[in-house]
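So the structure is just underneath, and the comments pick up after that.
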Amino acid sequence: MKSQETLLPRTPHGSWPETIAVGDALPELRIPITATLIVTGAIATRDFQKVHHDKDVAVAAGTKDVFMNILTTNALVNRYVGEWAPAAHVKRINIRLGATNFPGDEMVFSGSVESVLDGQIRVLATGTNSLGTHVTASIDLAFPTRKETA
């Protein structure tokens, strides 16, 4: 039988959540921005604004193409921290949008741990594309404690 310790949640880099330190960097995540991602993200989040799925309407509105909605961006931020710390529960995500995500671009996520207190971790993350910073985010995560998993 495995020891109790091996059954506890671990971050992908193999350390206990309690050993995550302020300043720890999250690995980079690259996401190709495709028309399919933009359209399916809008539909999945029930955002039927035509600027997210009809290029002609988007161009008439003054943009160069369809563009990603805020809910898809929020989901991708959640994915980014979730892949780094799958045992964690997302308690809060606060995002600010910047440069638009258009098809044919790539968004690159990077992040770091801003604070750690009693199993609560705050991560700061950014997603950038060729136009600049698409999203800045502050994400609060909670990990199960050793007592909760015993």
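Within region 34-45, residues that are touching a residue at least 24 places away in the same chain (Cβ under 8 Å) sit with their Cβ atoms under 7 Å from residues that are among the aromatic types (Phe, Trp, Tyr) and not in a helix (DSSP H, G or I), at 6+ positions apart or across chains, in these pairs: 38/67. For region 54-61, the criterion of being of a type outside the set (S, T, N, Q), at pLDDT 95 or above, surrounded by fewer than 18 Cβ atoms within 10 Å (Cβ to Cβ) and closer than 19 Å to residue 106 by Cβ is met by none of the residues. If the condition is being of a type in the set (Gly, Ala, Ser) and outside any loop (DSSP other than H, G, I, E, B), then region 34-65 contributes 35, 41, 42, 44, 58, 60.
The values are calculated or read from the model by the stated rules, or taken from the named source; none is laboratory data. For clarity, every value in this text was computed on a predicted model and none was experimentally measured. Virtual Cβ from ideal backbone geometry, glycine too; neighbours counted across all protein chains shown.
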